[in-house]
Amino acid sequence: MNINGYKETLQKEGYKLTNQRKDILETLLNNNSEHLSCEDVFNIVSKENPEIGIATVYRTLQLFEKLNIVYKINFDDGVSRYELNLGEENHQHHHLICLNCGKVIEVKLDLLESLENKIEKDDKFKILDHNVKFYGYCKECLDNKNKEK
């Protein structure tokens, strides 16, 4: 989805695409492979728009989450991160989280569809989404650990 698609979403819900909202959206679009915290977004946006406050970024991200423009993700480290809803998939992808360096790697493969279908059929439970996190060690940390031996 491009900036115009998000603008339409905002307008449909009665909101304008202000310059500040546009700057935040562009930051998320330009860093769509990252999992940015509110502070990360603020640090990036404030370089181009020094007048913006962190409270504005926070409120905007909350609005974007409410409108399903972003997903709020928690990697169990006490920091909420945001990921742009690119409108390309029905489910959020899964994440690999390195317990050593904290790196987060996206896994686009979704093998849970058949499990969801079985749960919906057997348990009469309508699944809207799922979120899976795998914890372990990334290749770089494993390589560094092997070098130390």
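A short reminder: the numbers here are calculations on the coordinates, not readings from a lab. Keep in mind that what you see is a predicted model, and the values were worked out from it rather than measured. Cβ placement follows ideal geometry from the backbone for every residue including glycine, while neighbour counts extend to all protein chains displayed.
What to note about this one:
- Reciprocal mean inverse distance between Cα atoms of the stretch 49-118 - Kirkwood radius, Å: 14.4
- A DSSP coil position with no more than 10 other Cβ atoms inside 10 Å describes the following GluC sites (Glu not before Pro) in the stretch 42-82: Glu51.
- Counting only DSSP beta bridges whose two residues both lie in the chain, roughly 75 percent are antiparallel.
- The alpha-carbon of Lys126 sits under 30 angstrom from the alpha-carbons of these lysines, leaving out residues fewer than 8 places away in its chain: Lys12, Lys66, Lys72, Lys108, Lys118.
- Evaluated with a Cβ-only charge set (Lys, Arg +1; Asp, Glu -1), the chain carries a dipole of roughly 120 debye about its Cα centre, given to the nearest 20.
- Where the Cα pairs of the stretch 1-122 fall when distances are cut into 5 Å bins, in %: 2, 10, 19, 20, 18, 13, 9, 5, 2, 1, 0
- Taking the square roots of five times each eigenvalue of the Cα gyration tensor of the stretch 109-149, the equivalent ellipsoid has semi-axes of 38, 8, 8 Å, listed largest first.
- Neighbour cut-off at most 14 other Cβ (10 Å), DSSP loop, trypsin sites (Lys or Arg not before Pro), the stretch 1-99: Lys16
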